[in-house]
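The structure appears below as structure tokens.
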Amino acid sequence: MLDFSKVITLALTSLSFSGMSVSILSEFAFAGEPIIDRNCHRHERKKEVFQQILPQNRATILMTSSFEVNNRKYAIQLLKFPDSTGVLCLWKPNSRLPQRLKDVSIIQDKVIEKFEKDPSRPANYIITVKGEKTEDILNTAYRLNLTNPNQPKVTPLIRVYKN
């Protein structure tokens, strides 16, 4: 039969092991892919970051596509957020981090339904954006011209109207 001191020792030992396993498991919960915000910034998965960047502002990478301009390789990345909106990020040569694509507000933070390379033109993409609920537009297809990645151009191609 166990005496009282052995029962206490056993209980404290099992309690300390369970406390250690909870702390170890909680550390592993933060491991993995970085958290990406609406400005294309990557953040280490830490408790503080989870508290600062709300779930609706955390992106997943939907697509990455590379292209070449003047013998320099670039990449464009489409991020998708829980509200279905998308953000385009540009990776420049010799850059360690992407930047939010500038001067394309007509397609940034919108619901992007389709994103594909334009096979007929290098460094061009066709992007279909869903219209706002308050608009008479169902969706609009745009050409995103990145032949000068520092000054992208967006041109509307086709606009589909609601009834």
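We did not get these values from a lab; they are worked out from the coordinates using the rules stated. Bear in mind the structure is a predicted one, so any value in this text is a computation, not a measurement. Cβ coordinates were reconstructed from backbone atoms using ideal geometry, including for glycine residues, and neighbour counts include every protein chain displayed.
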Exceeding 20 Å between C-alpha atoms, which entries from my cross-link table qualify? They are Lys73/Lys130; Lys80/Lys114; Lys73/Lys153; Lys47/Lys80; Lys80/Lys162; Lys102/Lys162. Lys73/Lys130; Lys47/Lys80; Lys80/Lys162; Lys102/Lys162
Just to be sure I understand the curve: with the Debye formula and one point per C-alpha of the stretch 61-138, what is log10 I(q)/I(0) at q = 0.11, 0.16, 0.17, 0.20 Å⁻¹? -0.31, -0.62, -0.70, -0.93
List, in order, the whole-Hz ³J(HN,Hα) value for each residue of the stretch 90-95 obtained from phi through the Karplus relation with A = 6.51, B = -1.76, C = 1.60 and θ = phi - 60°; use x for Gly and Pro. 10, 9, 8, x, 6, 9
For His41, which sequence-distant residues (separation of 5 or more, or a different chain) have an amide H within less than 5 Å of its own amide H, given hydrogens modelled in the peptide plane? none
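Gain in length, His43 to Lys162, computed as 0.36 nm per residue apart minus the alpha-carbon separation, to one decimal in nm?
Result for the pair: 38.8 nm of gain on full extension.
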Which aspartates and glutamates, if any, have their Cα less than 12 Å from the Cα of Lys46, not counting same-chain residues under 8 positions apart? Glu27, Glu33
Which residues in the stretch 133-163 place their backbone N less than 19 Å from a point set 7 Å from the Cα of Arg121 along the Cα-to-Cβ direction? 140-160
If amide H atoms are modeled at 1.01 Å from N in the peptide plane, then the residues at a separation of 5 or more from Lys110, or on another chain, having amide H under 5 Å from its own are Gly86
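For the stretch 104-163, what class follows from the C-alpha gyration tensor (a ≥ b ≥ c being the square roots of its eigenvalues): rounded when a/c is under 1.5, otherwise prolate if a/b is larger than b/c, else oblate?
Numbers: a/c = 2.57, a/b = 1.83, b/c = 1.40.
Prolate.
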Cβ under 15 Å from Gly86's Cβ, Gly86 left aside: what net charge do those residues give with Lys, Arg +1 and Asp, Glu -1? +1
